[in-house]
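Colleague: Take this structure first; my questions come after.
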Amino acid sequence: MYCMNLYFVAFPNVYFALAIKAFQLFLNVNQSDYIPYVADDPGVVLSIHENGYRPYLQSNGFSVSPGFKTDISLFQKRMLRKREVFGNTDLCDDSGEFTNIQACFELCIEKIVEKNCNCSPTLSDVSLGLWICDDPEELLCMALAEKGSDNCSCKEPCNEIKYETFRSMTTWPGRSYVGVLDAILKQRGVAYQDLRESLLFINIYFSSLQEEVTEEELAYTIENFWSDIGGSLGLWVGMSVISLGEILELGILILRFIRKRSVRLLTTEQKRDEAEVKFNDGLNQIIKGFNGINEEKQEGRIEFNDGLNKIIRSINMLSAEQQKTDNDENANYSEIAIVENALPKQYNVFPDHVL
């Protein structure tokens, strides 16, 4: 297997694509060296790929036959894929190790065969001490190992470059060129008659210096999703964005009402407890005042008067809270501004001349 790196410097004056500026190969396949009854298709397998990558002939190669002149025109295409969509990462391979997904599978199967069969399906790893699989047991092992390609985690490359080829063939050399070719070969010490079935000629050139770029874009975005929801609601329910805002506002008002209602109920309970405490204190002071009156003491009358005022305050507090509750129930849970009355005046149940 031979690998030839093609750079643009191989075409020193190429500013336009023409077949006359082609990269030309004149090859001799030496059919006399082929193994009888084994090699049935003389020729070469040609793979055109990006510089710096390993050629994968099984997935990206085509055959060229001897006795023909083959013109190969190239057109470069680039495929740009998205690596992340909606939070899903690693949708493609951005390592740049492979030119296409078939090359990834080919290398993965090759590693599986080398591991399980101790031989290589190709000559690429002969330098590692592995020879090509040719024994019947090795071939059977290779066939079984190739079924394990499901374990290969191969993905499409994020940046893929392809060369679209158009091939045309014609018989070569022509009768008028046989004499010229024979003279050229005799200068190299060989005769045309000995090689006429092993010679082939290849022209490789760009049909266009332009590049076709295909980039993946989302066919259905989040904006399209919300737009479809809004259109469906508007068509079937008659709802718009303004309606959604009104529903949101209504929900906020309901929550505020529930919160204020809860706070109000808690405040009412606290005030009732406070009124009960004052009521009890008032009763205690009245009892104490009665005892003082029986003993004809001035402090007894004061205690009796203060106790009675506390009872009156507690009764007024309970009446005010009950009035608030009744107003809320009559207003169907609507918000009502309640102005609290001032505390009632203190009453003196004893005449001034008695005190």
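The values are calculated or read from the model by the stated rules, or taken from the named source; none is laboratory data. The shown structure was predicted, so the numbers you read here are calculated from the model rather than taken from an experiment. A quick note on method: Cβ atoms are made from the backbone with ideal geometry, for glycine too, and the neighbour counts reach across all protein chains shown.
Colleague: Report yes if some residue within the stretch 108-116 is assigned to a strand (DSSP E or B), crowded, with 18+ Cβ neighbours inside 10 Å and not aliphatic (A, V, I, L, M); otherwise report no.
Modeller: For the stretch 108-116, residues assigned to a strand (DSSP E or B), crowded, with 18+ Cβ neighbours inside 10 Å and not aliphatic (A, V, I, L, M): absent.
Colleague: Okay, moving on. Among the residues of the stretch 207-224, is any surrounded by 13 or more Cβ atoms within 10 Å (Cβ to Cβ), farther than 30 Å from Lys162 by Cα, touching a Leu at 6+ places or on another chain (Cβ under 8 Å) and at pLDDT 80 or above?
Modeller: no
Colleague: Which pairs turn up if I take residues in the stretch 192-216 that are over 26 Å from Lys69 (Cα atoms) and look for partners that are of a type outside the set (Val, Ile, Thr) and outside any strand (DSSP E or B) with beta carbon separation below 8 Å, at least 6 apart in sequence or on another chain?
Modeller: Hits for this filter: Glu216/Arg81; Glu216/Lys82.
Colleague: Tally up the residues in the stretch 141-158 that are surrounded by 14 or more Cβ atoms within 10 Å (Cβ to Cβ) and touching a residue at least 40 places away in the same chain (Cβ under 8 Å), please.
Modeller: So the answer is 6.
Colleague: Can you tell me which of (1) within 40 Å of the chain's Cα centre (by Cα); (2) farther than 27 Å from His49 by Cβ is the one Arg175 doesn't meet?
Modeller: Only one criterion is unmet by Arg175, namely (1).
Colleague: Also, quick follow-up: Filter the stretch 166-176 down to the residues that are modelled with pLDDT under 90 and either small (Gly, Ala, Ser) or surrounded by 11 or more Cβ atoms within 10 Å (Cβ to Cβ) (or both), then identify the one that is farthest from Met79 (Cα to Cα).
Modeller: Of everything passing the filter in the stretch 166-176, Ser176 is farthest from Met79 (Cα to Cα).
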